[in-house]
Amino acid sequence: MKVLTVLGGQWGDEGKGKIVDLLAGRFDVVARYHGGHNAGHTVKYADRHFALHLLPAGVLRGRTGVIGPGVVVDLGALLAEIDAVRAAGVTVGENLLLSDRAHVILPYHRLLDAAREKAAGDAKLGTTLRGIGPAYESAASRKGVRIAELYREATLKARVEAIAFESKALLESLAMTDIPGVEAVVEALGEAARRLRPHVVDTGLYLRKRLGEGATLLGEGAHGVLLDIGAGTYPFVTSSHCTSASVASGLQIAPKQLDASLLVLKAYTTRVGSGPFPTELSDATGEYLRKRGNEYGTSTGRPRRTGWLDLAVGRFAADVTGADAIAITKLDVLDDIDPIPVCVGYRLDGKLVETLPALVEDVARLEPVLEKLPGWKAKTTSVTRFSDLPPAARRYVSFIEEKTGAPAVFVSTGPRREETIFRDDLPFAAALPADP
Ligand code: GDP
Ligand code: IMO
Ligand code: MG
């Protein structure tokens, strides 16, 4: 296995950051291929705590980090993140490569995101307000500013003018009048671009060459399959593709280079922002999971909505990403729950349905079919050997394996790097590049 991708199998925040960090040491390059600083990936070890938004988690392990052409980049956010991790003693220099084809998030995109959410009132999507959707819209409408354009003054100005012109009309119609002028925006971009210049390359060319020479690559997925703009609970989704299909396009490498996918599933479910969530718990148990699991957004601090594990979702995510293995996180959070209900399908108008219907109004009406699994009522926090888990916890893991059809190569029992079961006896583990 030379190219592996880690993906979220729910609505984000599954613990992808932790899993990428666990694997990063085995790979030459770690790359982000979609999304932007709407992602929040946590890495914890010993007494260190990092919340990464744009930097691939591999930079913490001294690996080459690539921000690929499929990512939308807020220059200020990226610079602030580089400064923050450097201040924490992490080297960010030649090892960080930023694609000259990645699109830039402009202040107009942020304002549009905010204005639309405000205008939508109760019908808002609950976006991260980072300008992600509008930036992808500019890219799709062929009006976007890419990193390369930052270094051609005349081109940059013309592009910013065009976006400013269209955004202004839209923003005013949404009662937003405080709109920054083109000159100020271009000047701020210029300053940030100068600082980022040493990192900017054709990352597609770089990766194709490195892969040709036999290098290994770890794709760091953001968000989750149910937030995918096509496969997710549309319109309550993000604006990028979150399945393994976007790894190749988002990095500009050939799909046939992709060897394997590792799907991360939380042992229960969370969701931030609006949209249907069939197994949601709006009661004291939901509040218990939020407290015990510390379910507050890494990017926005918003309390996450919580609910039981949904294996109809898990199965769909595993199928659509072609999961070769899964990582189950936050098992420890369920230590005191008995029995543990798990969703295995739904009923809609009295009929059984095995997967989410197309329309969110139908998803909102689904009644989950819950199977009750025995709890273990014992502490699994920090357990590092599968055989040390209580039998009921092992049964919970094997139930997830059966329903998703993929082996659980990692079972995570706490937020820190050290608090992990790695099942090195599985064929998937043996196929990974060696741990140096
Ligand atoms: P990501 O967006 O998928 O990388 O996930 P986040 O970092 O946004 O959210 C996952 C949260 O769960 C973080 O606060 C992690 O530190 C924490 N976490 C990850 N794995 C475990 C685990 O096994 N147990 C517990 N208790 N916390 C975990
Ligand atoms: P990580 O990578 C959880 C959600 C937002 C909102 C919807 C659209 O940390 O798992 P956007 O700002 O992307 O237009 O918002 O998508 N969302 C996430 N939820 N984790 C994330 O990333 C998310 N990225 C976007 O909350 O509901
Ligand atoms: Mg997150």
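So which pairs qualify, if the first residue must be in the stretch 216-242 and closer than 26 Å to GLY58 by Cβ and at pLDDT below 95, the second must be outside any loop (DSSP other than H, G, I, E, B) and within 10 Å of ligand 2 (Cβ to nearest atom), the Cβ gap must be under 7 Å, and the two must be at least 6 apart or on different chains?
Every condition considered, no pair remains.
Considering every residue within the stretch 254-262, establish whether at least one is open to solvent by 20 Å² or more (accessible area, probe 1.4 Å), modelled with pLDDT of 95 or more, under 19 Å from the mean Cα position of the chain (by Cα) and away from ligand 2 (no atom under 16 Å from the Cβ).
Among the residues of the stretch 254-262, at least one is open to solvent by 20 Å² or more (accessible area, probe 1.4 Å), modelled with pLDDT of 95 or more, under 19 Å from the mean Cα position of the chain (by Cα) and away from ligand 2 (no atom under 16 Å from the Cβ), which makes the answer yes.
Taking the conditions exactly as written (surrounded by fewer than 24 Cβ atoms within 10 Å (Cβ to Cβ) and in contact (Cβ under 8 Å) with a residue 24 or more places away in the chain), does LYS2 satisfy them or not?
Yes: the conditions hold for LYS2.
Does the stretch 5-13 contain any residue that is assigned to a loop (DSSP other than H, G, I, E, B), among the acidic types (Asp, Glu), surrounded by fewer than 24 Cβ atoms within 10 Å (Cβ to Cβ) and touching a residue at least 12 places away in the same chain (Cβ under 8 Å)?
The answer is no; no qualifying residue exists.
This table checks each residue for (1) in contact (Cβ under 8 Å) with a residue 40 or more places away in the chain; (2) among the aliphatic types (A, V, I, L, M); (3) open to solvent by 30 Å² or more (accessible area, probe 1.4 Å).
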site	(1), (2), (3)
GLY17	yes, no, no
PHE27	yes, no, no
ASP47	no, no, yes
PRO56	yes, no, no
VAL66	yes, yes, no
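What do you reckon, is LYS256 charged (D, E, K, R), more than 16 Å from ligand 1 (Cβ to nearest atom) and free of Cβ contacts under 8 Å to residues at least 24 places away in the same chain?
yes
Cβ-Cβ below 9 Å, separation at least six or inter-chain, first residue in the stretch 164-178 and on the phi > 0 side of the Ramachandran plot, second of a type outside the set (A, V, I, L, M) and part of a helix (DSSP H, G or I): which pairs?
ALA175/LYS118
Pick out the one residue from LEU125, LEU97, LEU106, LEU112 that is in contact with a Gly (Cβ under 8 Å, 6 or more places away or on another chain), more than 16 Å from ligand 3 (Cβ to nearest atom), modelled with pLDDT of 95 or more and open to solvent by 40 Å² or more (accessible area, probe 1.4 Å).
Answer to the selection: LEU125.
How many residues does the stretch 29-45 contain that are more than 13 Å from ligand 2 (Cβ to nearest atom) and surrounded by fewer than 24 Cβ atoms within 10 Å (Cβ to Cβ)?
Of the residues in that region, 2 qualify.
Does ASP21 satisfy the criteria of being over 16 Å from the mean Cα position of the chain (by Cα), in a helix (DSSP H, G or I) and at pLDDT 95 or above?
No; evaluated as a whole, the condition is false for this residue.
Would you point out which residue out of TYR136, TYR151 is open to solvent by 50 Å² or more (accessible area, probe 1.4 Å) and either touching a Cys at 6+ places or on another chain (Cβ under 8 Å) or within 27 Å of VAL29 (Cβ to Cβ) (or both)?
Among TYR136, TYR151, only TYR151 is open to solvent by 50 Å² or more (accessible area, probe 1.4 Å) and either touching a Cys at 6+ places or on another chain (Cβ under 8 Å) or within 27 Å of VAL29 (Cβ to Cβ) (or both).
From (1) within 14 Å of HIS199 (Cβ to Cβ); (2) away from ligand 2 (no atom under 16 Å from the Cβ); (3) open to solvent by less than 30 Å² (accessible area, probe 1.4 Å), pick out the condition that doesn't hold for THR91.
Only one criterion in (1) within 14 Å of HIS199 (Cβ to Cβ); (2) away from ligand 2 (no atom under 16 Å from the Cβ); (3) open to solvent by less than 30 Å² (accessible area, probe 1.4 Å) is unmet by THR91, namely (3).
Taking the stretch 290-311 only, how many residues are more than 14 Å from ligand 3 (Cβ to nearest atom) and open to solvent by less than 10 Å² (accessible area, probe 1.4 Å)?
Summing the residues that are more than 14 Å from ligand 3 (Cβ to nearest atom) and open to solvent by less than 10 Å² (accessible area, probe 1.4 Å) in the stretch 290-311 gives 5.
If a residue must be assigned to a helix (DSSP H, G or I) and open to solvent by 20 Å² or more (accessible area, probe 1.4 Å), how many such residues does the stretch 191-210 contain?
So the count comes out to 10.
The values are calculated or read from the model by the stated rules, or taken from the named source; none is laboratory data. Remember, it's a predicted structure, so these values are computed and weren't measured experimentally. Note that we place each Cβ from the backbone using ideal geometry, even for glycine, and neighbour counts take in every protein chain shown. Surface accessibility is based on the protein's heavy atoms, side chains included, excluding ligands, DNA and RNA. Shrake-Rupley method; radii C 1.70, N 1.55, O 1.52, S 1.80 Å.
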